Amino acid sequence: MKFKFKPKILVFVPYYLPSFGGPLKTIVNLTNELNDRYDFFIVTSDRDPSSKKRYNGIKVNSWNTVGKVKVFYCSPNRKNIFTYIKIFKEKAYSAVYLNSFFSYAFTILPLLIVKFYLNSSLKVIIAPRGEFNSGALKIKKIKKIIYSYFFKIFIISKNIVFQASSEIEVKTIQRKFNFYKKLNIFEAPDFPSPYKKLNLLDNLDRNNHLRLIFLSRITPMKNLDFLLRVLKNCSCKIQFDIYGPITDINYWNKCSYLISEMPSNVFVSYQGEKDPSEVSNIFAKYHLFALPTLGENFGHVIIESLFAGTPVILSNNTPWIPSDNWSLKVIPLSDFDKWIEYIDSFLNKFDSKSTRNDAVIYGKKLI
């Protein structure tokens, strides 16, 4: 159905195509599903965090057509109030959609403009994307406490709505703002990527060594250092490959030090960034995907791994429930020894064909 009048939605997100990551995937899936009803205008960075190189093939500081949406790629020196005010004035937007709570450039600045400059009742939707999970709140804790108090005193209002992707996230948001009785929260699960049938590899050798993968942004939130400490204590032979952009160089230096201390039975290799279109084929080459995240409101990469036939081990900081087989295992981060035990014993029960088929079947159930 085509609509004569399509409301215009202004979206702020720290990174977008051709980048990589869960919030990006969420916005791509959302706009693909709803572009017949809404016009989306996306404001984002012209490069990945901590990168000095802008994305190839984009017009910087102007609107680009990407699929069926318009995207404004900001250079670092243009992520400011003046740029954003100009964008706000260009069109009559029906709502603003913010894909973070703590992002300075892509949440705090737009909120300040709406609250103190526009002085309007413009609807604002904030999707915290797992940032209120207890583990996530420990990262840069003091800054987050200070901003949260500022938000509660000066920013929060009836035109601000929080989007939670699960019942669990509803509760984390309520805990964060339990003093505010009229807080608007609605639960709207993220649109998953459509299932694509793949030719599953069934010839992975289980008797040689475990092929383990970490594929995500390399930030404290994804908790790669925890996984490295687990592997340091494993006794089986492991080939551990790390994929994803290095968003926080100081955190990567911490991880690199842990890598340098690995015992001889664990070989670690950083494989760099890959195009999102390659992710499924990459997953299919591994026995197991590990993500000890401090907080996920959805976790698109989890579904992608299962669709590729690769089982997953997760922390308990996601909305996903474990399977009754080896497709998806959830172990709390407090159970450090259980992570070691699970990884060490994984290949003993791994059957390439049946395990991969089970993973795909469970992935379909999750969506």
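The values are calculated or read from the model by the stated rules, or taken from the named source; none is laboratory data. The model shown is predicted, which means the values in this text are computed figures rather than measured ones. Cβ: placed from backbone, ideal geometry, glycine included. Neighbour counts: every protein chain shown. The protein model used for the area step is the full one, side chains on, heavy atoms only, and it has no ligands, DNA or RNA in it. Shrake-Rupley method; radii C 1.70, N 1.55, O 1.52, S 1.80 Å.
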### Task
Say whether the condition of being open to solvent by 30 Å² or more (accessible area, probe 1.4 Å) and either touching a Leu at 6+ places or on another chain (Cβ under 6 Å) or modelled with pLDDT under 95 (or both) is met by at least one residue in the stretch 252-267.
no
### The listed residue being in a helix (DSSP H, G or I), under 21 Å from Gly130 (Cα atoms) and open to solvent by less than 20 Å² (accessible area, probe 1.4 Å), out of Thr107, Thr83
Thr107
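Being modelled with pLDDT of 95 or more, out of contact with any Ser or Thr (no Cβ under 6 Å at 6 or more places or on another chain), more than 24 Å from Arg47 (Cβ to Cβ) and of a type in the set (Gly, Ala, Ser): is that true of Ala105 here?
Working: modelled with pLDDT of 95 or more: yes; out of contact with any Ser or Thr (no Cβ under 6 Å at 6 or more places or on another chain): yes; more than 24 Å from Arg47 (Cβ to Cβ): no; of a type in the set (Gly, Ala, Ser): yes.
No, not satisfied.
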### Summary
Across (1) buried (at least 16 other Cβ atoms within 10 Å of the Cβ); (2) assigned to a loop (DSSP other than H, G, I, E, B), Ser280 clears everything bar (2)
### Query
Quick one: how many residues across the stretch 324-353 are without any contact (Cβ under 8 Å) to a residue 60 or more places away in the chain, assigned to a helix (DSSP H, G or I) and open to solvent by 60 Å² or more (accessible area, probe 1.4 Å)?
5
### Query
Which numbered condition trips up Pro128, out of (1) open to solvent by less than 40 Å² (accessible area, probe 1.4 Å); (2) of a type outside the set (D, E, K, R); (3) modelled with pLDDT of 90 or more; (4) not in a loop (DSSP other than H, G, I, E, B)?
(4)
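Just wondering, is there one or more residues in the stretch 306-315 that are open to solvent by 30 Å² or more (accessible area, probe 1.4 Å) and either in contact with a Ser or Thr (Cβ under 7 Å, 6 or more places away or on another chain) or under 23 Å from Arg229 (Cβ atoms) (or both)? Even if it seems obvious, please write down each step before you answer.
Within the stretch 306-315, the first condition is being open to solvent by 30 Å² or more (accessible area, probe 1.4 Å), and the residues that meet it are none.
Scanning the stretch 306-315, I find no residue that is open to solvent by 30 Å² or more (accessible area, probe 1.4 Å) and either in contact with a Ser or Thr (Cβ under 7 Å, 6 or more places away or on another chain) or under 23 Å from Arg229 (Cβ atoms) (or both), so the answer is no.
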